[in-house]
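Heads up: the structure comes next, in structure tokens.
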């Protein structure tokens with residue numbers, strides 16, 4: 001949390017807020033400086049999120065009792081609606097959030113988003129041990145959220161127009177239609193496993209705060225925050241000055257975890273115009289004059305770009321450093337997303353921002369006399385400190401890990417390409433794929449098996465399918481067995497296994513696999529999708 005006294009004095013013309021005053025002198029007040037007390041809205045926000053989790057628990061309980069329930073409310077299911085016309089629960093949830101933001105502003109982000117709650121928790125815990133991460137200001141990172149939203153939701157529509165494809169008709173699906181059903185029997189169908197979910201929360205809710213500052217994922221990575229920021233500019237609901245009471249004490253700016261220059265915007269515009277304002281109401285709570293309140297007024301539109309607020313502040317990086325950050329971010333995103341069959345997009349965005357910043361800090365240790373990271377002096381007077389040596393060692397480990405992961409990801413992508421071409425040849429062209437294509441897919445899959453740090457769930461099934469073309473297909477048996485240990489309800493895999501066993505003359509084992517496939521309870525939508533393919 002920033003000290004209000006650290007913010008510069010600004011010249012405010014009360015009669016004409018859009019113009020600077022001819023003369024503005026600081027007012028020296030006697031007595032102790034004002035201090036911000038705890039926000040009374042923090043507990044209300046916590047209570048709201050607890051209510052959300054209780055409702056989620058009721059949702060899961062209903063599925064466990066009834067056997068089917070409303071699909072999980074995932075915002076990313078908007079993609080199914082835009083690309084396929086499938087109306088999902090997540091689409092309706094996103095639509096509701098957008099409409100509320102268009103009217104009231106970005107209350108959704110601070111009152112209902114668990115990622116923001118984790119970031120605030122991390123900032124609070126770091127503050128308890130004396131660490132107050134400085135907010136990072138980067139031209140490049142400001143583009144990540146809008147770029148991610150364009151890639152996820154708009155680029156598919158642009159591609160559709162380029163191809164000349166018609167718009168899809170809106171429709172509902174059940175579980176047999178894939179992951180995008182409105183009602184589901186498989187609650188966890190498109191949710192990540194617990195390890196991936198916890199890792200995503202840890203990176204996007206905690207690690208990123210230490211390196212880039214409080215609520216940095218919201219400002220520099222979140223694709224939904226990018227579109228909510230646009231909607232906020234159109235919203236009539238705003239935080240405004242009440243009865244000209246503001247005396248520019250700066251307490252509101254000091255408590256703003258979103259790094260909005262609240263007192264400056266109130267002084268110039270009479271309201272907060274920065275779209276990064278998440279309406280957590282902490283500024284309302286701490287104001288000693290009760291000078292800030294929520295009102296319906298004219299939207300802010302583009303006024304936050306007029307030289308006030310975070311955009312007036314100097315960026316922390318040179319153009320060269322920002323170019324380095326852009327390159328490192330894109331490379332890291334390409335490596336992490338989908339790595340080992342995991343690597344969710346939001347986590348990859350967070351990791352990309354962290355690694356991009358770490359790369360610039362490492363570069364500065366070779367170019368500058370003094371380098372500091374939060375509370376640690378990494379280099380002083382041209383000499384690398386003990387903390388700096390540790391940081392360089394950790395950076396080396398990180399970049400070696402990324403290089404290794406990049407090699408694995410290259411084999412994964414190339415292997416998936418060859419495997420998909422093989423499936424097209426087999427299922428669409430109704431002929432055996434070329435041996436060279438099978439061998440290439442094998443080579444890439446075995447490279448992942450040999451050198452990977454993790455064993456992806458789909459790897460054994462892929463190797464089993466590839467080795468089923470061998471003569472004889474003896475090597476495929478071990479891969480089928482290992483794959484079915486992890487995917488016991490995969491009917492398509494069992495049928496393929498039975499066909500391989502028949503070729504080996506193991507008729508009893510083949511019959512057992514067919515019986516297991518026939519009696520296996522309907523698998524998840526993910527497994528049925530694999531069977532349909």
- Limited to segment 272-308, what total is found for residues that are more than 28 Å from residue 119 (Cα to Cα), touching a strand residue (DSSP E or B) at 6+ places or on another chain (Cβ under 7 Å) and assigned to a loop (DSSP other than H, G, I, E, B)? 1
- Message: Any residue at all in segment 328-340 that's assigned to a loop (DSSP other than H, G, I, E, B), surrounded by fewer than 20 Cβ atoms within 10 Å (Cβ to Cβ) and either modelled with pLDDT of 95 or more or not assigned by TED's automatic domain parsing to the domain that holds residue 146 (or both)?
- Response: yes
- Message: Looking at segment 374-418 only, could you name the residues that are touching a residue at least 60 places away in the same chain (Cβ under 8 Å) and more than 19 Å from residue 330 (Cα to Cα)?
- Response: 374, 375
- Query: Does any residue of segment 366-373 turn out to be modelled with pLDDT under 95, surrounded by fewer than 19 Cβ atoms within 10 Å (Cβ to Cβ), more than 15 Å from the chain's Cα centre (by Cα) and under 30 Å from residue 114 (Cα atoms)?
  - Reply: no
- Item | Check on residue 431, free of Cβ contacts under 8 Å to residues at least 12 places away in the same chain and exposed (fewer than 15 other Cβ atoms within 10 Å of the Cβ) | yes
- Item | Checking residue 262 against (1) under 30 Å from residue 398 (Cα atoms); (2) surrounded by 22 or more Cβ atoms within 10 Å (Cβ to Cβ), the condition it does not meet | (1)
- Qualifying residue in segment 159-169 (condition: in contact with a strand residue (DSSP E or B) (Cβ under 9 Å, 6 or more places away or on another chain) and either part of a helix (DSSP H, G or I) or under 30 Å from residue 238 (Cα atoms) (or both)): no
- Message: residue 150 - would you say it is modelled with pLDDT of 85 or more, over 25 Å from residue 102 (Cβ atoms) and either in the same structural domain as residue 338 (by TED's automatic domain parsing) or surrounded by fewer than 21 Cβ atoms within 10 Å (Cβ to Cβ) (or both)?
- Response: no
- Kindly list the number of the only condition in (1) within 29 Å of residue 335 (Cα to Cα); (2) assigned to a helix (DSSP H, G or I) that fails for residue 495. (1)
- Qualifying residue in segment 247-268 (condition: at pLDDT below 95, touching a strand residue (DSSP E or B) at 6+ places or on another chain (Cβ under 6 Å) and farther than 30 Å from residue 360 by Cα): yes
- Message: Please verify whether residue 231 is in a helix (DSSP H, G or I) and surrounded by fewer than 23 Cβ atoms within 10 Å (Cβ to Cβ), treating the condition exactly as stated.
- Response: yes
- Message: Show me the helices (runs of 4 or more DSSP H) found entirely inside segment 39-150 where at least 1 residues are touching a strand residue (DSSP E or B) at 6+ places or on another chain (Cβ under 6 Å).
- Response: 41-66, 78-84, 89-104
- Message: Checking the structure you have, find out if any residue of segment 452-463 is in contact (Cβ under 8 Å) with a residue 12 or more places away in the chain and within 19 Å of residue 519 (Cβ to Cβ).
- Response: no
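The values are calculated or read from the model by the stated rules, or taken from the named source; none is laboratory data. Fair warning: this is a prediction, and the values are worked out from it, not measured in the lab. All Cβ positions, even for glycine, are placed from backbone atoms using ideal geometry, and neighbour counts span all protein chains on display.
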